[in-house]
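Right, one structure below, let's go through it.
We did not get these values from a lab; they are worked out from the coordinates using the rules stated. Small disclaimer: the values here were computed from a predicted structure and weren't measured. Methodologically, a virtual Cβ is constructed for each residue, glycine included, from the backbone with ideal geometry; neighbour enumeration extends over all protein chains shown.
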Amino acid sequence: MAVSEEECSNAKSRPSSSAPPSSSSSSTASRGAHYLAKCVFRGSVVLQVVSGHIRSPSCSDVVFGKETSIELVVICEDGIVQSICEQPVFGTIKDLAIIPWNDKFHSRSPQGKDLLVVISDSGNLSFLSFCNEMHRFLPLTHVQLSKPGNLRHQLGRRLAVDSSGCFIATSAYEDQLALFSLSMCGGSDMIDERILYAPENEGNANVFRTIQRPSISGTIWSMCFISRESHQSSKEHNPVLAIILNRRRALLNELVLLGWNRGEHVIDVISQFVEAGPLALDVVEVPHSNGFAFMFRLGDALLMDLRDAQNPCCVCRTSLNFLPTALEEQTFAEETCKVNDVDDEGLFNVAACALLELGDYDHMCVDVGSGNVKSTNYVCSWSWETKNDKKPRMMICLDTGEFFLVEISFETDGPQVNLSDCLYKGLPCKALLWVECGYLAAFVEMGDGIMLKIESGMLSYTSSIQNVAPILDMSVVDYHDEKRDQMFACCGVAPEGSLRIIRSGLCIDRLLRTAPIYQGITGIWTVKMKADDLYHSFLVLSFVEETRVLSVGVNFTDVTDSVGFQPDVCTLACGLVCDGLLVQIHQSAVQLCLPTKVAHTEGIPLSSPVCTCWFPNNLSVSLGAVGHNFIVVSTSNPCFLYILGVRLVSAHHYEIFEMQCLRLLYEVSCITIPQKHYKQRKSSTNLVDDDCTAVLPVGINIGTTFVIGTHRPSVEILCFVPDKGLRVVARGTISLTSNMGTSLSGCIPQDVRLVLVDRFYALSGLRNGMLLRFEWPSPSTTPLELSHHGCLTSSSIANTATATFGPQICAVDLIDNRVDDIPISLQMIATRRIGITPVFLVPLGDSLDADMIALSDRPWLLQTARHSISYTSISFQPSTHATPVCSADCPKGILFVAENSLHLVEMVHSKRLNVQKFHLGGTPRKVLYHDDSRLLLVMRTELCNDTCISDICCVDPLSGSIVSSYKFEIGETGKAMELLRVGNEQVVVVGTSLSSGPAIMPSGEAESTKGRLIVFCLVHKQNSDSGSMTLCSKAGSSSQRTSPFPEIVCYATERLSSSSLCSSPDDASSDGSKLEEIEAWQLKTTYATTWPGMVLAISPYLDRYFLASSGNSFYVCGFPLDNLNKVRRLAQGRTRFMVTSLTAHSTRIAVGDCRDGVLFYSYHEDSKKLEQVYCDPSQRLVADCILMDVDTVGVSDRKGSISVLSCSDRHGQF
């Protein structure tokens, strides 16, 4: 196995099989088409997990084996899994293990790090070491074991490493195994000695130094090394290997002990142990025991004493069959192994097949019915506690999903095994890992992994580890040609079926993460000591009843007392009003503070800070903002707006005074004062000159302008001039309606910001999760003037104090404007719905052209220089607050508050995929996006429902809520679903099965079953009907047990993206839908009929027809005169075996036959007949196919292969 930077492959079209080999055919092949297969989303299922000191001797690292990639992660103190790096490999990983550091082998790893050894279907045994400089695994050497592939006689199926790190063993599925001793001299050759244990007619003398012919043969189910006595040196030690072997035609498995006589270069069978009873499955060494091992069997576990390898014996037997528990969780059911009568010389081996079925059972195969649930429990995964030499402890997971703790104590009368009560009930796990920080990582094949906290003798859920596999269906949606697609995927199986939304996101570099001790944060800000400072000086944290101020630097130190902020209040806003003057706004007062030199080197030379306060007249402050030389605060009930100034009284003594007070008709919901200092971004237009000049509307002067949001609801841009007072410059009224004409609620502005990039506009985040953009009217209606605002010099504090005004009361709107001062009406040019929670806007800089972070259900990056509203998902978990942090060590840092912790990160110039999870229950099979309603249509099966086992549900893609569903008949299962356009209507055509049995016979022919073809239309109704439609209140944003958080962040390095779900009536992507309106959309049946076979495939055809299969037949169907209440079958085609897929391109039809491969047809509309054009040159178990053009088809089969077939010679052959 070689480690690669990129994972891609190409295939070349081949000439026809009937063409003779010649130079012309070779040249034709060389000129054939090439197809590049690029990985969009790497496999996420964790099949192997190991831990060790990978990066350094002091680091506790974890490595995930993910089929075709390896990922290095660390487990944080709170149980969160943090990815370090992930890289693809050539081949599919079969097994991996850690080679622990051994001081006798210091030359091979001078840094004292553990090594990673991996086997894959590439046929190589690879030794990998992590390079901290390159931030990736690098291969030390590769040892060829066999040819690439998966033959059962080839080495490379299982891997075992001696606890001392001296020996390695690898085995095939049956008959063969090899042992290696590691070299002590280092260099590129890691192997000192090697020996193969193989049948007479097999083996490769060029690869292995010595070949020993065995006296046994059979399927190797499990293996492990048995520790040597501690007084023996590694040089004189002959390793002992224990294997679980299934001999041909044997009813029971054997425990076989093999010894490698290194002096004679032979492998001897030391002893064999077989006991009447259950079937043995695995053998596991007990660490630090020098000769003990567990043998797990169906129903029990045997502790074996193997210290005397010639006389193995059982010293303790533990039963695993318990009384039924009260937990009602249903686990995956596996099929019992089938015994087939074959001769000894046949290629098919029953035991090897049984082993394959045990480990690789396909739960999603449509041909297989429900398996029988076994009544005998067995251990499916286990993990030993690290660094416990005296009393080894092991956590086990049974096939029932129950977790138990096994503790071994070595008493004078012999070893004792203690089995705990059930500690946790979940899903059966494929792999377990007990990590050093007291957590247990548990992984399942068809659901998210989980992190469990081990405390007080119990296991408690901590966090989830994402696994999107298996993806059963997906729908890529491009909203209004914005080129910002996102993928909706059906993932997992019951009971962990979920809907995943996959979008591209910006990568972040996680620099610092605190412990989860910051509960109840209400606000977070960074403040400079002087306006011209390059770096922030203070970090202000506001809690429900507390405020803390930390200094920004290498270490965040608490300097609250030295700054002067009142610590026992909740801070509403804070900022720098003038150099050296900080302002804290809380509910009772506005406090002005002069920090001391203890807090900052530029502070005042006093022992304590100097503070002064301003108090409203028996009112409580609700909101506030701090600008350069002025402060704005508001109150509610009654609603007042105060403009405050600051003036110097004496040395180090200032006072806050009231410059203007206004009575408001509407309560203020947010206040923002843009920063005065501004550095113009390079513009793509000629509107901005080189002297830092930008186009500003009349009346706008940065330094005296601020913006508020009101409960009107509206966005108001105001300007305060000391000599003239306050005036409303512009107003944008917020009035949004859905496409049904109903008004939306929750349109109160939560945050609002002014932006100047080529043009001046305002962004506002609403409390219902929407984002709005307001712009100034066009120049034809509003005159514009150029304002040199970049280098404005404002009045000093003393001068500002001379321009004071008495309180004013305003009775109309915001202020008593004259006719010539009527505010400009802002135009709402775009809206987007980015979540369902209030939207907060956090600029990443002080300038008006700085990009912003929008916080809602998840963080987004708003790119202010783009037209309309442009945003990209950030690869980070949902956060409640964020602020930019600029320091000498981290000039572009961002501080997020998430899960009661502070996260210091930096955004990097690369993209990753973000994945959001909505738990739906059952197994989601099909997903479609309905444009008119902006809903997802999801077909589910395996529901735990008394009235149905399958349905179609309408899902809100923002919240994951199931807003309505159509339940199929009792015993009916949905199989296919497709959206079609009939005239001006969009309909859903669904195919079902009326039988619970398999769809296909073993011969490939269709079972004699029935199915239904149903046509739905999605209609908007104010009141729900009775009948099969039901409204659901299920939130669906979290798993019932193992996934309580809806958002999961993936750290795979590839790229899709997100887009809007809502916009204004003036925008091309207009919608404005909200949950209350979405709930009124319901499925209405317009046509239903019963067909003689399961309807497994449906496909649109020629914009006016559709294709549907039934058994081994398929039909061209249409709606006469666009009548949705009638479907007519226009033509019929028939294949030899079951039709599994249908696809069309232009007039060409491709039919996937479950055995005969792909067949090409053409439909003649005049004669209403189907004509077969091409046929597949070979038999193929077709799973799905898609037409790339009229003569080229891409085919996936049930063996995992993808083929591209083409017939460009027009002679009827592929």
Any chance you could get the radius of gyration and Dmax over the Cα atoms of region 732-778, in Å?
12.0, 36
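Cα-Cα over 22 Å: which of K38/K66; K38/K113; K94/K453?
K38/K113; K94/K453
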At 37 °C and a viscosity of 0.692 mPa s, what translational diffusion coefficient does Stokes-Einstein give for region 380-457, taking Rh as the Kirkwood radius over Cα pairs? Give it in µm²/s as a whole number.
252 µm²/s
Determine the alpha carbon to alpha carbon distance for each of K975/K1084; K911/K1199; K425/K911 and list only those over 27 Å.
K911/K1199; K425/K911
Based on the Cβ-Cβ distance of S778 and K892, what FRET efficiency does E = 1/(1 + (r/R0)^6) give at R0 = 30 Å, to the nearest 0.05?
0.25
Would you please name the chymotrypsin sites (Phe, Trp or Tyr not before Pro) within region 531-584 that are DSSP coil residues with at most 16 other C-beta atoms within 10 Å of their C-beta?
Y535
If N is the number of residues in region 576-676, what value comes out of its Cα radius of gyration divided by 2.2 N^0.38 Å?
1.13
Run the numbers for S83 and A276: contour at 0.36 nm per residue of separation, minus the present Cα-Cα distance, in nm.
64.8 nm
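Based on the Cβ-Cβ distance of F322 and Q144, what FRET efficiency does E = 1/(1 + (r/R0)^6) give at R0 = 35 Å, to the nearest 0.05?
Efficiency computed from Cβ-Cβ geometry: 0.15.
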Output the peptides 238-251, 517-530 sorted from most to least packed, where packing is the average of other Cβ atoms within 10 Å over each peptide's residues.
238-251, 517-530
By how many nm would the segment from M134 to N1123 lengthen if fully extended, with 0.36 nm per residue of separation less the alpha-carbon distance?
349.6 nm
Label-point gap, in nm, between V40 and N984 - each point 7 angstrom along Cα→Cβ:
3.4 nm
Total charge dipole magnitude, region 380-457, about the Cα centre, Cβ charges on Lys, Arg, Asp, Glu only, Debye to nearest 20:
140 debye
Filter the GluC sites (Glu not before Pro) in region 903-996 down to the DSSP loop ones having no more than 13 other Cβ atoms within 10 Å, then list what survives.
none
The simple spin-label model distance between D413 and D308, using points 7 Å out along Cα→Cβ, in nm, is 2.2 nm
Sorted by packing (mean other beta-carbon atoms within 10 Å per residue), highest first, where do 1127-1138, 122-133, 823-834, 1160-1171 land?
823-834, 122-133, 1127-1138, 1160-1171
Sort out for me the Cα centre separation of region 120-140 from region 821-861, rounded to whole Å.
46 Å
Any GluC sites (Glu not before Pro) in region 474-582 that lie in a DSSP loop and have at most 13 other Cβ atoms within 10 Å would be E545
For the peptides 466-472, 1194-1200, what is the packing order when you average, over each peptide's residues, the other Cβ atoms within 10 Å and list the highest mean first?
466-472, 1194-1200
For region 896-995, the spread of Cα positions along each principal axis, largest first, Å
55, 38, 22
Plugging the Cβ-Cβ distance of V649 and L534 into 1/(1 + (r/R0)^6) at R0 = 30 Å yields, to the nearest 0.05, a FRET efficiency of 0.45
Report the convex hull volume per residue for region 115-176, counting only C-alpha atoms, in Å³.
87 Å³
